[in-house]
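S.K.: Here's a structure for you.
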Amino acid sequence: MTSADDQQLETVIELATRLFAAFGYDGTYLQGIAEATGTDLTWIHDTFGDKRDLYLAVIERASRAENAVVEEALSTLPAGDPGGVASALYALVGSYLDFCLAHPQIPALWMHRWLGDAADIPDLEERYADPLVNRVRDALREAARAGLIDDQVDPDLMVRTLIWSIYGYLYGETLAFPDEAGAGAPQNREPFLAHLHQLIDRMLRLPWA
């Protein structure tokens, strides 16, 4: 593949990600992607296959990006004391929130899935989303076994609660920010991040919670 083909491939994947995020898999068509990118439809078919194949390429790319953020944040978990565990989780939710703010199309892809999008591709969560949740869950279980956090917390539900909270912040009622500065503005981001920290503290029943 030539460098021009590589550039065209990146352009198609980026635009396809935005369209799938905006309209869902069911509401996006290869012809529209071809027209939006100025790409010949035959080239898209030859390079990616059909719409399903292109969608899977988009999800694969998004999953790799999410995994990189989570793995870096988890590198210090579990730590040697409850404060270290809390700090690692603070770093995780902060990094993931900033990732979602910088790439809002990625959580939007999963929001569409929650609404039943791409129902003919049934195993996306098992292949891409669940392993990421399980990675954090297992780290929390290890911290609980080490006596660093409350062993009565459900780590799977805790991780999902944090994800639901971030997605709700991005796409729920909180989008109606009074100052119209948006979710990423410091005056909006910082109070929400502080709320996530408090949520972590109380779910884990840390000593200062």
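S.K.: In segment 34-48, which residue that is of a type outside the set (Val, Ile, Thr) and surrounded by 14 or more Cβ atoms within 10 Å (Cβ to Cβ) is farthest from the chain's Cα centre (by Cα)?
M.R.: 43
S.K.: In segment 60-74, what residues are in contact (Cβ under 8 Å) with a residue 40 or more places away in the chain, closer than 16 Å to residue 100 by Cβ and not acidic (Asp, Glu)?
M.R.: 61, 62, 63, 65, 67, 70 - these are the residues of segment 60-74 that are in contact (Cβ under 8 Å) with a residue 40 or more places away in the chain, closer than 16 Å to residue 100 by Cβ and not acidic (Asp, Glu).
Okay, residues lined up against (1) among the small types (Gly, Ala, Ser); (2) buried (at least 20 other Cβ atoms within 10 Å of the Cβ); (3) touching a Leu at 6+ places or on another chain (Cβ under 9 Å):
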position	(1), (2), (3)
64	no, no, no
73	yes, yes, yes
76	no, no, no
81	no, no, yes
84	yes, no, yes
89	no, yes, yes
92	no, yes, yes
97	no, yes, yes
100	no, yes, yes
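S.K.: Same structure again: Note down all Cβ pairs under 7 Å where the first residue falls in segment 103-117 and is under 12 Å from residue 23 (Cβ atoms), the second is of a type in the set (Gly, Ala, Ser) and part of a helix (DSSP H, G or I), and they're at least six residues apart or on different chains.
M.R.: 105/21; 108/21; 109/21; 109/62
S.K.: So, in segment 1-33, exactly how many residues are surrounded by fewer than 19 Cβ atoms within 10 Å (Cβ to Cβ), in a helix (DSSP H, G or I) and touching a residue at least 60 places away in the same chain (Cβ under 8 Å)?
M.R.: Number of matching residues: 2.
S.K.: Continuing with the same structure: Is at least one residue of segment 123-146 at pLDDT 90 or above, more than 22 Å from residue 93 (Cβ to Cβ) and assigned to a loop (DSSP other than H, G, I, E, B)?
M.R.: Checked segment 123-146: at least one residue is at pLDDT 90 or above, more than 22 Å from residue 93 (Cβ to Cβ) and assigned to a loop (DSSP other than H, G, I, E, B).
S.K.: Might you check whether a residue that is modelled with pLDDT of 90 or more, in contact with a Pro (Cβ under 8 Å, 6 or more places away or on another chain) and of a type outside the set (S, T, N, Q) occurs anywhere in segment 156-166?
M.R.: Within segment 156-166 (the criterion being modelled with pLDDT of 90 or more, in contact with a Pro (Cβ under 8 Å, 6 or more places away or on another chain) and of a type outside the set (S, T, N, Q)), the answer is yes, since at least one residue qualifies.
S.K.: With the checklist (1) at pLDDT 95 or above; (2) exposed (fewer than 15 other Cβ atoms within 10 Å of the Cβ) in hand, flag the one item residue 59 doesn't pass.
M.R.: Single failed check for residue 59: (2).
S.K.: I've got another one for you. Assess whether residue 174 counts as being within 22 Å of the chain's Cα centre (by Cα), at pLDDT below 90 and either farther than 17 Å from residue 94 by Cα or in a helix (DSSP H, G or I) (or both). Spell out the reasoning first.
M.R.: Working: within 22 Å of the chain's Cα centre (by Cα): yes; at pLDDT below 90: yes; either farther than 17 Å from residue 94 by Cα or in a helix (DSSP H, G or I) (or both): yes.
Yes.
The values are calculated or read from the model by the stated rules, or taken from the named source; none is laboratory data. Just so we're clear, the structure is a prediction, and the values are computed from it rather than from any experiment. Reconstructed Cβ throughout: ideal geometry from the backbone, glycine too, with neighbour counts over all protein chains shown.
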